[in-house]
Every structure is written in C-alpha cells, then in structure tokens.
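Since the structure comes first, as structure tokens, the remarks are kept for the end.
The values are calculated or read from the model by the stated rules, or taken from the named source; none is laboratory data. These numbers come from a predicted model, not from an experiment. Virtual Cβ from ideal backbone geometry, glycine too; neighbours counted across all protein chains shown. Heavy atoms of the whole protein, side chains included, go into the accessibility calculation; ligands, DNA and RNA do not. Shrake-Rupley method; radii C 1.70, N 1.55, O 1.52, S 1.80 Å.
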Amino acid sequence: MCLMMILSVSCAQKTAHRYQAEFLSLFDTVTTVIGYAGSNAEFTTLAEAVKSKLQEYNRLYDIYNNYDGINNIKTINDNAGIRAVKVDPRIIELLLLSKKKCELTDGAVNIAMGSVLAIWHTYREAGIDDPEHASLPPMDRLIEASKHTDIDNVIIDLERSAVFLSDPKMRLDVGAVAKGYAAEQTALYFEGKGVRRLLLSVGGNVRAVGHKLEQNNHEVPWVVGIQNPDKLSRQTELLSVNCSGRALVTSGVYERYYTVGGKQYHHIINPQTLMPADYYKSVSILCPDSGFADGFTTAIFNMPLEKGRAFIEALKDTEALWVLSDGTIAKSSGFDAYVVK
Ligand code: AMP
Ligand code: MG
C-alpha cells in the first residue's frame, strides 16, 4: 500500500486504530512513532516513511560516519581549515539556527565545541566499556581544545550553500540541536502530506501533531510524561503535560553518563568550566516547535536557575520545567496550565 493511500486513511480517521513503532537505528537513540491507520500494514508503511525521512536528517547531521554521495557534518569537520564544503540546504538551516541559539544564550549551547566534546566522548565511551579504569579528561587538554570553539569561525556561504571551518582544529557537534530539528521538520513534512495525528519522539525530543483519538473517535489531547530523572524511583514519570500541537524537549543527566570514583559525569558540558554542568538532573521545554526548543534545553542546563528562568519567561509561548540536582522541581510561570492531572 502506498503512502498516499495511508495518508487518506489517516485523514479520514473513519476506522483508524492507534499503532506504535520503535526504531533504534536513528541518531543513536530510541525513536517512537505513534499514529492512526486502518490496519497494522498501513501504519507500518507510514512509520517506515517517517523513519526514512528521519534517516535523511540523521545522515546529513552525522559527525561519525560518511555516506556515499552525501556531504554531511563529518565532511565539514574533515575539511576544517582546508576547503568549503557544498552541503544540502538542510545543513545550512540547522547551522544558521544553531548560530542564533549560541548567540542568544551567550555560548551556553555552542555547536562549535566539537573539539572539547570529542575529548569527553572518548573518555566517556572508554569509561563505559571499562568502568574499572574510567578516568576524567585532563583539564589541560580540555583547555587547549576550548581555544578552537569560536562559532564565528563557522563560515556559511548562502549563495553556494557551502560551509567552511576557518579554524583547522575546530569541529562541529550538533548532538544538542539535531534531533529536535529533525523531529520538527519530519512532523511538518507529514502534516503537509495530510497526516492529522502523529506523535513522534526522537530520544527525548517529542513532537505531537494534532490530537489523539479515543475509541469513540473523540479527540483528546496527546498527553506526554516528563521522565523522572531518578531511574531507581518506582515513579517513572514526574508529571504529564498536554502536548497537542506542541513539542516537549528534555535534556537529562540520565541519557549518557559514566562514573569515575563513584561520581557520575554526564554528557552536557558547561563551556565556562569545560566540565558537566551540575545545576540540574533534567531540563524540559514545552513550546510549539521542537526545532526551536532543542539546544535551548542544553543551554539552560548550563545556566543557574534564575538566569534560565529569565531566559524562558522572555520567550513567547514557551514553558520550562527544571529538576534541580537535589530533586526539587521548578516551573516557569505558565507551565501548570499544561499539566494534566
Ligand atoms: P542534549 O541531550 O540535547 O542536551 O544534547 C547533548 C549533546 O549535545 C551531547 O551529547 C553533546 O554531543 C552536545 N553538547 C554537550 N554540551 C554542549 C554544549 N554546551 N553546547 C553544544 N553542544 C553540547
Ligand atoms: Mg537536544
């Protein structure tokens, strides 16, 4: 069955049933697709189409792998200080948005920090593989790498759709911003094709299209839980929010970490200290656009509460929830309006 037929079923919603699919091959994380279709086979076609759209973004934004015939972020990194690389406009769009986020947050989220993040990545992976010998990156190496993180050295040529890293030791890492942007663009693409209801989650970046349907075909909100960062707790979710037509994006310490000398070191690195930020266990943003929210969660993770709160309160139609490192919960002023009891 072709995608257009599925979409017509999804549009009519006459005999639609709810289905769910999970993929593990995208963005090094878990992707979940929940939608409606007339049969499992129809839904599978839709879910596969969603997967292949996300895969296009995954390949473009990959910093570890090359793909035949594609210039991706790795290609840009490999050519740092050597030449400008012609890329797909979807890379240019992500880089422009990321530059803006870096500027708006005084560098608290900076995709040009790849050289620093790569060191942490190497030590973290080694520490996960061999916990007995886990160690922290030497601070002098981090400081040396941090001299090559000036985002103004990411030169974007809009006319040629090309990117040049003018600092040969600079590397891009779009891990903070890519998943939410890809989820947003994919949601918009399928909405544009007529899909009226879809819940997409790409590793903590949730985007809900339309509303959920109850068995009697009544529309109800998509309700999404905010994960309890305390994974040992029996309460897996802290609370749930109405996510219909909105995005819920979370950065959390529980996603990627390793342990050195009994202390956990996670994957969000404060550019000021070059160490994992220790204000929070998780930060979630609720707003209409997961491409907008992603990256800001990482930035706010690196800010003291009052600074992060002021940042969120100044943004239109944007709410946030912080789980502080002692487990206390803080919320922006309009957050409670979305909480589902
Ligand atoms: P997220 O889980 O969306 O907050 O993204 C975390 C990922 O972003 C990490 O795995 C790193 O690849 C990258 N990252 C960590 N700290 C920063 C930072 N301060 N600025 C930009 N990217 C970062
Ligand atoms: Mg993110």
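So here's what we get for this one:
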item: Looking only at region 138-159, and only at residues there that are surrounded by 12 or more Cβ atoms within 10 Å (Cβ to Cβ) and among the charged types (D, E, K, R), the one that is farthest from GLY262 (Cα to Cα); result: ASP157
item: Output for region 32-47, where each listed residue is among the hydrophobic types (A, V, I, L, M, F, W, C) and closer than 20 Å to GLY204 by Cβ; result: VAL33, ILE34, ALA47
item: Breaking point among (1) more than 30 Å from PHE23 (Cα to Cα); (2) in a strand (DSSP E or B); (3) of a type in the set (Gly, Ala, Ser), for SER201; result: (1)
item: Residue within region 125-137 that is β-branched (Val, Ile, Thr) and open to solvent by less than 80 Å² (accessible area, probe 1.4 Å) present; result: no
item: Those residues of region 259-288 which are more than 12 Å from ligand 1 (Cβ to nearest atom), in contact with an Asp or Glu (Cβ under 8 Å, 6 or more places away or on another chain) and open to solvent by less than 60 Å² (accessible area, probe 1.4 Å), in sequence order; result: LEU286, CYS287, PRO288
item: Residue within region 330-338 that is more than 22 Å from VAL241 (Cα to Cα), among the hydrophobic types (A, V, I, L, M, F, W, C) and open to solvent by 10 Å² or more (accessible area, probe 1.4 Å) present; result: no
item: Answer from ASP106, ASP173, ASP167 - the residue that is in a loop (DSSP other than H, G, I, E, B) and within 15 Å of ligand 2 (Cβ to nearest atom); result: ASP173
item: Pairs where the first residue, in region 151-166, is more than 13 Å from ASN71 (Cβ to Cβ) and the second is open to solvent by 20 Å² or more (accessible area, probe 1.4 Å) and among the aliphatic types (A, V, I, L, M), C-beta under 6 Å, 6+ apart; result: SER166/ILE155
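One line per residue, one yes/no per condition, for (1) farther than 23 Å from SER282 by Cβ; (2) away from ligand 1 (no atom under 16 Å from the Cβ); (3) hydroxyl-bearing (Ser, Thr, Tyr); (4) open to solvent by 50 Å² or more (accessible area, probe 1.4 Å):
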{"position": "THR186", "(1), (2), (3), (4)": "yes, yes, yes, no"}
{"position": "GLY194", "(1), (2), (3), (4)": "yes, yes, no, no"}
{"position": "LEU200", "(1), (2), (3), (4)": "no, no, no, no"}
{"position": "GLY204", "(1), (2), (3), (4)": "no, no, no, no"}
{"position": "GLY210", "(1), (2), (3), (4)": "yes, yes, no, no"}
{"position": "TRP222", "(1), (2), (3), (4)": "no, yes, no, no"}
{"position": "THR250", "(1), (2), (3), (4)": "no, no, yes, no"}
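Residue by residue, here is whether (1) closer than 14 Å to ALA178 by Cβ; (2) buried (at least 16 other Cβ atoms within 10 Å of the Cβ); (3) touching a helix residue (DSSP H, G or I) at 6+ places or on another chain (Cβ under 6 Å) holds:
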{"position": "TYR57", "(1), (2), (3)": "yes, yes, yes"}
{"position": "ARG83", "(1), (2), (3)": "no, no, no"}
{"position": "LEU95", "(1), (2), (3)": "yes, yes, no"}
{"position": "SER98", "(1), (2), (3)": "yes, yes, yes"}
